[in-house]
Amino acid sequence: MNHILAGNSLAAEIIPTLQGHRKFIIIRPYVMKDVYGHELQSKPNKYLNDLSKNNELFFSILQYEINEKDMDKEWDLNNEDIKLRECITDIRGTGKLEVELNSRNFDLTALDAEWKCDNPI
């Protein structure tokens, strides 16, 4: 939780449901207000070090599967390459995040900094 509270995204590779695929989960924190408490108009802010002290944190969870053959592409992945995508947004607070992950029987200890995961997107 320390990583995510500092604004770092977490990720892990998990067991895929399709043969010949790899499955990933990514958890990204964000806030919806600036340091002055004003609502952000454009997009959520992911730089939380100063913002998270005075604002409530939100989280998004992205799960997707990709064919192992597509992992080595030299070009960017597109929507057709990604299978079984699931995205949950606007999870408010760490407690609700833990409930959401536990409801999916996900081992929280498997998460690590996103850059350490072989996550292609």
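No value in this document is a laboratory result; all are computed from the given coordinates. Because the structure is predicted, anything quoted here is derived from the model rather than measured.
Full extension of the chain segment joining ASP70 with ASN105 gains 9.9 nm, where the gain is 0.36 nm per residue of separation less the Cα-Cα distance.
Residues in segment 96-113 carry Karplus couplings, in order, of 5, 4, 4, 4, 4, 5, 5, 5, 9, 6, 9, 7, 5, 6, 6, 6, 8, 3 Hz; the curve used is 6.51 cos²θ - 1.76 cosθ + 1.60 with θ = phi - 60°, and Gly or Pro positions show x.
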